[in-house]
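Here is the structure we will look at, set down as structure tokens.
Values quoted throughout were computed directly from the atomic coordinates according to the rules given, and no laboratory measurement underlies them. Here the structure is a predicted model, which is why all the values come from computation and not from measurement. Because the Cβ atoms are built from the backbone with ideal geometry, glycine has one as well, and the counts that use them run over all protein chains shown.
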Amino acid sequence: MNINDRFAGAYDAAGFGGVDLNLNAIRAAIIRNRWILIGTAIACLLVGVLVAMLSTPIYEAKTTLQIEQQAPQVLGNSGQSLDESGRDDSYIETQVNLLSSRSLVERVARAQNLFRDATFFTRMDRDPPTSAPGSEGWQRAVIDMLQSNLSVELIPGTRLVEVHFTSPDPKLAQIIANEFGVQFINSTLKRRFDTSDYSRKFLQDQIERTRVQLERSERALIIFAQQAGITEVDSGGSGSAAGGSGSKSLTDSNLEAINAAYAKASTDRILAEQKWQQASRSPLLQIPDVLSNSSIQGMMSSRGEKAAVLQGEMQRHAEAYPTVIKAKAELAAIDAVINNAAERVRGSIRDQYQIAVDQENSLKSSVEEMRQKSLAEQGRGVQLSILRRDADTNRALYDALLQRYREINAASGVTINNISVIDKAEIPRSPVWPKPLFNALIGAIIGVVLGVLIALVRERLDDSIRSPDEVERKFGLPLLGLLPLSKAGSVRDELNDPGSAFSESIYSIRTSLQMATAHGLPRTLAMSSTQQGEGKSTTSMAIAREIAQSGSRTLLIDADLRRPSLHALFDLKNDQGFSNYLTGQAPFDGLIVQTDTANLSVLPSGPLPLSAPRLLTHEVLVPALAELGKYYDVIMLDCPPVLGLADALQLTSCVEATLFAHEAGKASQHQAQTALRRLARGGANLIGVILTKFDFDRGGHSSYGYTQYYYQYTAGGEGKN
């Protein structure tokens, strides 16, 4: 595989080219960030409790109303009550919307004198407006306050409506909630009375006109009868000077029938005119025929749903938000459809009136035609009959209008109300807000969510290797082993304890090295890392010590000619060493120091040269390692870090195998990938990674099951730590 492809794949797997999440990784992340989660949850819980303690108590009063499905009766059957067994949802929803209308709020404010009450905003625990009580600005503020604290709820499946009002003052909440019920009933009765009053005035005008016409027709009949010498003008008489009422001609019979139809057409025209004038003067959506139209009722129900959607969107978003604009457009569209349908209904009323007028005119001309024929047949006797029939027609019309006027008067006198108060509001005893337990629960939930978000951000920004199973996936190299973080004592003490976790990890690394090549343990090894402080030198010492204890003659060379540290680990002097050997100032046998560990020798770095890269050339290193290889089975070089230096590239290109130390939980994996890429391009034979300073308490649980007892066993192997 190409070097760039090899580490590019590891780069993507590291999380820079994608996100690799699994349940074990999430569990490990939770364990690593458990104190953040607990801390944010407790902090937000305390904030919720503090908010509950500092918040002003809010009380809610509730009035329950029953709204029967009944429309006002104005003319004839145009406003019949709905069947009790049925349910007109649009009518109920209309009443619910009226309960929260601005006009009703104004009635409540005026009834309670809130427009001039200077203490209203203080009782509502709000700052009063800058305008004076009674001013337009004050009135707008009062109306907005009432509407913001008012809620109307229709109990599903019933005709009961609950009116809720919230206030810091429980007595005020009760008064205003009850006042909404009273004013709603009064406003409904007033609208019904106004409709009946208009009908009465219209009929009074028509009755007066008809009375005048009746008087004229009767007076003309009497005068004509006197001039003709007719003493009896009653059509039911047995005879008269004008010819009596014995046998009737076909013309007379037709004239009587058409005249009766004309009288009925005139009555229908007057009623149709009355109905049309009421429809033309009333608001479009308050016309009885419009309200009773089933199609419009369905559209009004749909409009209520869209209005609710718009209100919800406007509460969550600004007016320019796309969903708010869309909801407004849908509401405007259905309003246009409703208005068009209502216009068609009103147009049908106008058409009915026009038809009645046409019928009346048509019958009137027919009566006139038949009258001329009757005159031609009967002469003056027919003239008398015509006058009599005119009087009868006017009398019948007058009686019909008078009867209808009496019916409307009777109906308006009986104030039947379809709205009643079921439960009056009482003074609330306990506040509905705040709720300490609820606030604490919400605070805890918000705290957990916030903690999770913080943990996710930390995990996303954390560019370190946190678990052993991430090494191969993110670096593209096998994991030779991991070294636990030493929390008590020194590394040397742990190495001297064969049963320690650190010793067990070194055994594992040695075993991995023995299987690294076809001939077993590499003869020459180099140890490097991304940067200083990752435990590279300590790991080199421990591995060299373990190889020596296994019986191989081992030489550990401190090849870090910039910041050497092996001499300090072995308590050796560093006045001469590897740099002296490379420059030819002294032979190696006088520079190598035998340690207290059998088969382990150390070659310190010696004096620091002015330019380490010029000294660590391939021409110098290869012969030197070949010469030392004659006397040692394994030679291990402790190299300087990779980033920013060329020393490690020169050293690792001259050995058989290179080990890479990486500190768990701190060192940057991105920088480590860059370092590994540089080593690979420089010719190093990278055989694996050693994860150093691994903290089992912070690392969580990896998908490979790495836990601390992986390396520790008690005597006899029965117990596990």
Given H placed 1.01 Å from N in the peptide plane, which residues other than close sequence neighbours of Ser529 have an amide H under 5 Å from its amide H? Val642, Ala661
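With Cβ to Cβ distances under 12 Å as the rule, what net charge do the other residues near Pro604 carry (K, R +1; D, E -1)? Walk me through the numbers on the way to the answer.
Numbers: positive: Lys573; negative: Asp558, Asp560, Asp571, Asp575, Asp638.
Every neighbour counted, the sum reads -4.
What is the sum of charges, Lys and Arg at +1 and Asp and Glu at -1, for the other residues whose Cβ falls under 12 Å from the Cβ of Val634?
Numbers: positive: Arg510, Arg523, Arg545, Arg553; negative: Glu546, Asp633, Glu656.
Local net charge: +1.
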Among the lysines, select those whose C-alpha is under 17 Å from the C-alpha of Lys536, and discard any that sit fewer than 8 residues away in the same chain. Lys666, Lys693
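Where Lys and Arg each count +1 and Asp and Glu each count -1, what net charge lies around Val357 among other residues with Cβ under 9 Å from its Cβ? Please list the in-between numbers first.
Working: positive: Arg269; negative: Glu273, Asp358, Glu360.
That sum, taken over residues with Cβ under 9 Å, equals -2.
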Separation in nanometres of the label points that stand 7 Å from Cα toward Cβ, at Ala568 and Ile185: 9.3 nm
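Starting from the Cα-Cα distance between Ser508 and Ile42, subtract it from 0.36 nm times their residue separation and give me the gain in nm to one decimal. If you can, show how the numbers build up before the last one.
Values: separation 466, 0.36 × 466 = 167.76 nm, distance 4.31 nm.
The span from Ser508 to Ile42 would gain 163.4 nm if fully extended.
For Lys171 and Ser302 in the same chain, what is the full-extension length gain: residue separation times 0.36 nm, less their Cα-Cα distance, in nm? The partial results should precede the final answer.
Details: separation 131, 0.36 × 131 = 47.16 nm, distance 3.77 nm.
Stretched fully, the Lys171-Ser302 segment lengthens by 43.4 nm.
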For the pair Ala257 and Val593, the simple spin-label estimate (label points 7 Å beyond Cα toward Cβ) gives in nm 14.3 nm
Once you treat every alpha carbon in the stretch 523-640 as an equal point and sum by Debye, what is log10 I(q)/I(0) at q = 0.11 Å⁻¹? -0.31
The stretch 478-711: spread of alpha-carbon positions along the three principal axes, whole Å, largest first, is 52, 37, 35
When the Cα centres of the stretch 543-574 and the stretch 648-687 are compared, how far apart do they sit, in Å? 20 Å
Residue separation times 0.36 nm, minus the C-alpha to C-alpha distance between Gln372 and Thr617: what's the value? 74.1 nm
Test of understanding: ordering Trp276, Trp138, Trp433 by Cβ neighbours within 10 Å, fewest first, what list do you get? Trp433, Trp276, Trp138
In nm, to one decimal, how far is the modelled label at Asn340 from the one at Leu285, with both set 7 Å along Cα→Cβ? 1.7 nm
